[in-house]
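**Q** After the structure tokens below, expect a handful of questions from me.
The values are calculated or read from the model by the stated rules, or taken from the named source; none is laboratory data. What you see is a predicted model, and the numbers here were worked out from it, not measured in a lab. Every residue, glycine among them, receives a Cβ derived from its backbone with ideal geometry; neighbour counts consider all protein chains shown. Note: areas computed on protein heavy atoms with side chains; ligands, DNA, RNA excluded. Shrake-Rupley method; radii C 1.70, N 1.55, O 1.52, S 1.80 Å.
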Amino acid sequence: MEIERKFLIDKLPENIEQYPFHKIEQAYLCTDPVVRVRREGENFYLTYKGSGLMQREEYNLNLTAEGYKHLLAKADGNVISKTRYLIPLEHPKVIPGTPEPPDEYSLMIELDVFDEPFAPLMMAEVEFGSVDAAQNFLPPDWFGRDVTYEPKYHNSHMAMSGLK
């Protein structure tokens, strides 16, 4: 089960170059349900995602480079290319009055900087272990608008329709 929230980013955090990153290329074979192929560096995946905006099923299967290229040729819409930075978020803040996470609790911010035709779009995703944790999360100050419930910011929609 994938539980994540998405936020627009207006300005990159300072010292972004200190964080690990990798290039991602992905395309969609189907959007209902979502069936995606993705390349992350030298790793290749076929992904199924169920319906939902913040919470949905997700299954990944490994592909060979040849299998990825074969399926990529069958994809519809735009191929999405982006750079993903991995930024640890230790001791995340929560909404006042909700249970504090344990001291050792940390999250990972996946900050995507999109290439054309979606540049200059930047979006951060944070995955959670529970719906409660996702709902009680207070984003860092550098995060912009929460777009979790706006389907146009799902990569599958962007691939087919752009940012309409």
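**Q** Here is a check on your reading of the model: is Gly162 open to solvent by less than 70 Å² (accessible area, probe 1.4 Å) and modelled with pLDDT under 95?
**A** yes
**Q** Restricting the search to the range 132-155, which residues are part of a helix (DSSP H, G or I) and open to solvent by 40 Å² or more (accessible area, probe 1.4 Å)?
**A** If the condition is that a residue be part of a helix (DSSP H, G or I) and open to solvent by 40 Å² or more (accessible area, probe 1.4 Å), then Asp132, Gln135, Pro151, Lys152 are the ones that fit.
**Q** Determine whether Pro120 is at pLDDT below 95 and over 14 Å from the mean Cα position of the chain (by Cα).
**A** no
**Q** Let me ask something else. When only residues in the range 140-162 that are touching a strand residue (DSSP E or B) at 6+ places or on another chain (Cβ under 8 Å) and of a type in the set (Phe, Trp, Tyr) count, which is farthest from Asp32 (Cα to Cα)?
**A** Phe143
**Q** Next question. In this structure, is Ile109 surrounded by 14 or more Cβ atoms within 10 Å (Cβ to Cβ) and in contact (Cβ under 8 Å) with a residue 60 or more places away in the chain?
**A** Criteria not met by Ile109.
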